[in-house]
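The values are calculated or read from the model by the stated rules, or taken from the named source; none is laboratory data. The structure displayed is predicted, hence computed values, not measured ones. We place every Cβ from the backbone using ideal geometry, glycine too, and count neighbours over all the protein chains shown.
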Amino acid sequence: MKKKVKIAMLDRDGVLNINRGYVGYIKNFKWMPGAKSTIKYLNKKNFYVAVITNQSGIARNYFKIKDVKKLHKFMKDDLKKINTKIDAFHFSPFHVDGIIKRYTKKSNCRKPEIGMFKKIQKKFTINKKESFMIGDQKTDMLFAKRCGVKGYFFKQGNLLNFIKKKLHD
């Protein structure tokens, strides 16, 4: 039987890091205030933490899949320094307006479609009542609704203060 988990799904650009357009390289990455503490807090609360992010910059040829993977490794390594972790990174490289042929298409992995959520469901039974998505776009909220979990709309500021209010801590 699959393990039952409560999951915190976090958008990346605009939630975990300052959104500066297409962030595909470490040099363009800057943590959102309170983001690392938020992940540590969610780990302590026994949430499975997953980054769920559309990365159409790949389809648009602004950066490559290997650059996104390198950035995610940087994030993991940075979190390791404070004894915390993101359990999984899921990203969609697709966009209908791309220029890289194999990524230029409609995909069920691109939010608001729930392909990335389905990948997590293959590993775990998700406690939807206690799970949520934090995002900064309407597509993130639609994604949450389609997944059957709460959606929290984040508009900048300190992420830890935001999530503590949402979880009533």
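Summary table
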quantity	calculated
Residues (free of Cβ contacts under 8 Å to residues at least 24 places away in the same chain, assigned to a loop (DSSP other than H, G, I, E, B) and out of contact with any strand residue (DSSP E or B) (no Cβ under 7 Å at 6 or more places or on another chain)) located in the stretch 16-44	I18, R20, G21
Filter pass, V49 being touching an Asp or Glu at 6+ places or on another chain (Cβ under 6 Å) and assigned to a loop (DSSP other than H, G, I, E, B)	no
Test result for I82, surrounded by 15 or more Cβ atoms within 10 Å (Cβ to Cβ), in contact with a helix residue (DSSP H, G or I) (Cβ under 7 Å, 6 or more places away or on another chain) and β-branched (V, I, T)	no
Close pairs (7 angstrom Cβ cut-off, 6 or more residues apart or separate chains): more than 21 Å from G135 (Cα to Cα) in the stretch 79-98, exposed (fewer than 12 other Cβ atoms within 10 Å of the Cβ) anywhere	V96/K106
Exclusive hit being within 27 Å of P33 (Cβ to Cβ), surrounded by fewer than 18 Cβ atoms within 10 Å (Cβ to Cβ) and among the aliphatic types (A, V, I, L, M), set L159, L167	L167
Residue selected from the stretch 26-47 under the condition of a type in the set (S, T, N, Q) and on the phi < 0 side of the Ramachandran plot, by the criterion surrounded by the most Cβ atoms within 10 Å (Cβ to Cβ)	T38
Which listed residue is in contact with a Phe, Trp or Tyr (Cβ under 6 Å, 6 or more places away or on another chain) and either polar (S, T, N, Q) or closer than 25 Å to K123 by Cα (or both), from I86, I7, I39	I7
Residue within the stretch 132-147 that is surrounded by 18 or more Cβ atoms within 10 Å (Cβ to Cβ), of a type in the set (V, I, T) and farther than 15 Å from A35 by Cα present	no
Qualifying residue in the stretch 89-96 (condition: over 19 Å from R12 (Cβ atoms), touching a Ser or Thr at 6+ places or on another chain (Cβ under 9 Å) and either crowded, with 20+ Cβ neighbours inside 10 Å or modelled with pLDDT of 95 or more (or both))	yes
Residue in the stretch 8-23 that is at pLDDT 95 or above, of a type in the set (A, V, I, L, M, F, W, C), closer than 26 Å to L142 by Cβ and surrounded by fewer than 20 Cβ atoms within 10 Å (Cβ to Cβ) present	yes
Subset tally (residues that are in a loop (DSSP other than H, G, I, E, B) and under 21 Å from L142 (Cβ atoms)) for the stretch 58-97	6
Test: residue in the stretch 103-120 that is part of a strand (DSSP E or B), crowded, with 17+ Cβ neighbours inside 10 Å, at pLDDT 95 or above and out of contact with any Pro (no Cβ under 8 Å at 6 or more places or on another chain)	no
Filter result for the condition that a residue is under 17 Å from the mean Cα position of the chain (by Cα), closer than 14 Å to C147 by Cβ and β-branched (V, I, T), over I86, I120	I120
